[in-house]
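Novice: Sharing a structure below in structure tokens format, with a few things to ask.
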Amino acid sequence: MMGSTGPFLQWAQEVAALLLLRVRRTVLQTAILLCVLLLLLWIAVFLYGSFYYSYMPTVSYVSPVHYSFRTDCGSPGPDLCSFPVANISLVKNSRDRVLMYGQPYHISLELELPESPVNQELGMFMVVMSCYTKGGRIISSTARSTMLHYRSGLLQTLDTLIFAGLFFLGFAEQKQMVEVELFSDYREDSYVPTVGAVIEIQTKRIQIYGAQLRIHAHFTGLRYLLYNFPVTSAILGVASNFTFLSVIVLFSYLQWIWGSVWPREPLSVQVNMQDGATLQQRQEEAARLRMATPRPASPPQLPGEVLETIGPVGRTAQAKELDLSEETEFESVDESSLFTDANYPPPTGTLLTPPQLGEGAEPIPGAEIRQRHVCSSS
């Protein structure tokens, strides 16, 4: 009974170890995949945020306007000594410009005016705004007229009676907000950027609680979509960046695992190597044949004479040399490897003897070796 359960327990342990190994590998791969996905998501969000910050200008900019005027005239009464003037900087933190190049802006001035008898008797007055660049040079100017809204005496009395409690407690005031549109489509010039503006109210009998300059950007095209549909634009932008980064990472993984997505067959390299090896072998065989071929000894040669071998042996030698020359015609053999003692020409006076026949070999009928002296014409 114990002998039958032993192999089963061993098999169960092996299966459990294999399953545990696969589970650990799966958990590790899943953790790595989640880390990579989270990293890609963070990079996609960072890229979209950087693009939005660099592409979208300041949507709305509000700056308080503090007017100044002369007080050295000494004349009694509600009249001022000069027109109220305010100088406003259009550079944030002394380095960031409020206006972006090519972007249209709507610029308006909000005046908080009390419903005093002086302002009601004021009537219409002019508001002038002049934009300047570095050095104080005026690059754009505009002038607009405005006035306090009319309210009859009966309406003012009813309003005072109804809101008397709020007026008494300080939660409400008898004032009006007058908005003056200065520029409806102001565009910044990249060559002469605007660094500030001067706002002047051309009247000496005005009374002002406070004033604010409002600059609002008018968006078109992609900026309009980014501003009016921020959630949808953010989802689409992050998804696009995430998809693009995922494709890059996937192709990089395939390149690292498989070498390339479409592997190239190195057929030309293999063929070239085989051809080179075959050519080298042929060159070595040709050199070996030339070295192993015996050269017949030639008889004494007189000056001015040339020996010519006639017969089958001569024809056979010529044929062999012709075959060797044809085999090695297109092969480049290294001359230094073939330049051995076997290739040296025989010295003058050496006898060329035909190859000796072996013992018991019979001469070929009709085969005779003849040598004749040929006198050279030189």
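Novice: Those residues that are aliphatic (A, V, I, L, M) and in a loop (DSSP other than H, G, I, E, B), I need them from region 125-153; list them, please.
Specialist: Result: Met147, Leu148.
Novice: Let me ask something additional. Taking region 89-124 as the region of interest, how many residues are part of a strand (DSSP E or B) and open to solvent by 10 Å² or more (accessible area, probe 1.4 Å)?
Specialist: So in region 89-124, the residues part of a strand (DSSP E or B) come out as 89, 91-92, 96-97, 101, 104-114.
Narrowing further to those that are open to solvent by 10 Å² or more (accessible area, probe 1.4 Å): 89, 91-92, 96-97, 101, 104, 106, 110, 112, 114.
Residues flagged as part of a strand (DSSP E or B) and open to solvent by 10 Å² or more (accessible area, probe 1.4 Å) within region 89-124 amount to 11.
Novice: Still on this structure, I have one more. Would you be able to say whether some residue in region 69-84 is at pLDDT 90 or above and closer than 20 Å to Tyr132 by Cβ? Step through it out loud before you land on a result.
Specialist: Taking region 69-84 first, the residues at pLDDT 90 or above are 83-84.
Within this subset, residues satisfying the condition of being closer than 20 Å to Tyr132 by Cβ are 83-84.
Yes, region 69-84 contains a residue that is at pLDDT 90 or above and closer than 20 Å to Tyr132 by Cβ.
Novice: Tally up the residues in region 205-236 that are open to solvent by 70 Å² or more (accessible area, probe 1.4 Å), more than 18 Å from His66 (Cβ to Cβ) and part of a loop (DSSP other than H, G, I, E, B), please.
Specialist: Number satisfying all stated conditions: 4.
Novice: Quick check on region 163-199: of everything there that is charged (D, E, K, R) and open to solvent by 50 Å² or more (accessible area, probe 1.4 Å), which residue is modelled with the lowest pLDDT?
Specialist: Let us first name the residues in region 163-199 that are charged (D, E, K, R), namely 173, 175, 179, 181, 185, 187-189.
Of the ones still in play, those that are also open to solvent by 50 Å² or more (accessible area, probe 1.4 Å) are 173, 175, 179, 181, 185, 187, 189.
On the way: Glu173: 85, Lys175: 88, Glu179: 92, Glu181: 92, Asp185: 88, Arg187: 88, Asp189: 82.
Per the criteria, the residue is Asp189.
Novice: Need the failing condition index for Ser260 against (1) outside any helix (DSSP H, G or I); (2) at pLDDT 90 or above; (3) hydroxyl-bearing (Ser, Thr, Tyr), just the number.
Specialist: Among (1) outside any helix (DSSP H, G or I); (2) at pLDDT 90 or above; (3) hydroxyl-bearing (Ser, Thr, Tyr), Ser260 violates only (2).
Novice: Of the residues that sit in region 45-65 and are free of Cβ contacts under 8 Å to residues at least 60 places away in the same chain and either open to solvent by less than 70 Å² (accessible area, probe 1.4 Å) or assigned to a loop (DSSP other than H, G, I, E, B) (or both), which one is farthest from Thr232 (Cα to Cα)? Lay out the reasoning, then the answer.
Specialist: Of the residues in region 45-65, the ones free of Cβ contacts under 8 Å to residues at least 60 places away in the same chain are 46, 49-50, 53-54.
Remaining after also requiring either open to solvent by less than 70 Å² (accessible area, probe 1.4 Å) or assigned to a loop (DSSP other than H, G, I, E, B) (or both): 49-50.
Details: Gly49: 14, Ser50: 17 Å.
My answer is Ser50.
Novice: Kindly establish whether Glu188 is in contact with a Phe, Trp or Tyr (Cβ under 9 Å, 6 or more places away or on another chain), under 17 Å from Glu110 (Cα atoms) and of a type in the set (Asp, Glu). Before the answer, list the steps.
Specialist: Details: in contact with a Phe, Trp or Tyr (Cβ under 9 Å, 6 or more places away or on another chain): yes; under 17 Å from Glu110 (Cα atoms): no; of a type in the set (Asp, Glu): yes.
No; evaluated as a whole, the condition is false for this residue.
Novice: Now a separate question. Among the residues of region 67-88, write down those that are in contact with a Gly (Cβ under 9 Å, 6 or more places away or on another chain) and either open to solvent by 40 Å² or more (accessible area, probe 1.4 Å) or acidic (Asp, Glu) (or both).
Specialist: Keep residues of region 67-88 that are in contact with a Gly (Cβ under 9 Å, 6 or more places away or on another chain), which gives 81, 87-88.
The one that is in contact with a Gly (Cβ under 9 Å, 6 or more places away or on another chain) and either open to solvent by 40 Å² or more (accessible area, probe 1.4 Å) or acidic (Asp, Glu) (or both): Asn87.
Residue by residue, here is whether (1) among the hydrophobic types (A, V, I, L, M, F, W, C); (2) on the phi > 0 side of the Ramachandran plot; (3) out of contact with any strand residue (DSSP E or B) (no Cβ under 7 Å at 6 or more places or on another chain) holds:
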position	(1), (2), (3)
Glu121	no, no, yes
Met124	yes, no, no
Ser130	no, no, no
Gly135	no, yes, yes
Ile138	yes, no, no
Leu148	yes, no, no
Ser152	no, no, yes
Leu155	yes, no, yes
Val192	yes, no, no
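Novice: Please work out which one of (1) open to solvent by less than 60 Å² (accessible area, probe 1.4 Å); (2) closer than 20 Å to Ile208 by Cβ is the condition Thr160 fails and give its number.
Specialist: Condition (2) is where Thr160 drops out.
Novice: Is there a residue being farther than 30 Å from Ala172 by Cβ and of a type in the set (Asp, Glu) anywhere in region 67-85? Give the derivation first.
Specialist: Taking region 67-85 first, the residues farther than 30 Å from Ala172 by Cβ are 70-76, 81-83, 85.
Filter again for of a type in the set (Asp, Glu), leaving 72.
Among the residues of region 67-85, at least one is farther than 30 Å from Ala172 by Cβ and of a type in the set (Asp, Glu), which makes the answer yes.
The values are calculated or read from the model by the stated rules, or taken from the named source; none is laboratory data. Source: prediction; values computed, not measured. Neighbour counts are summed over all protein chains in view; Cβ atoms, including those assigned to glycine, are modelled from backbone coordinates with ideal geometry. Areas reflect the complete protein model, heavy atoms only, side chains present, ligands, DNA and RNA absent. Shrake-Rupley method; radii C 1.70, N 1.55, O 1.52, S 1.80 Å.
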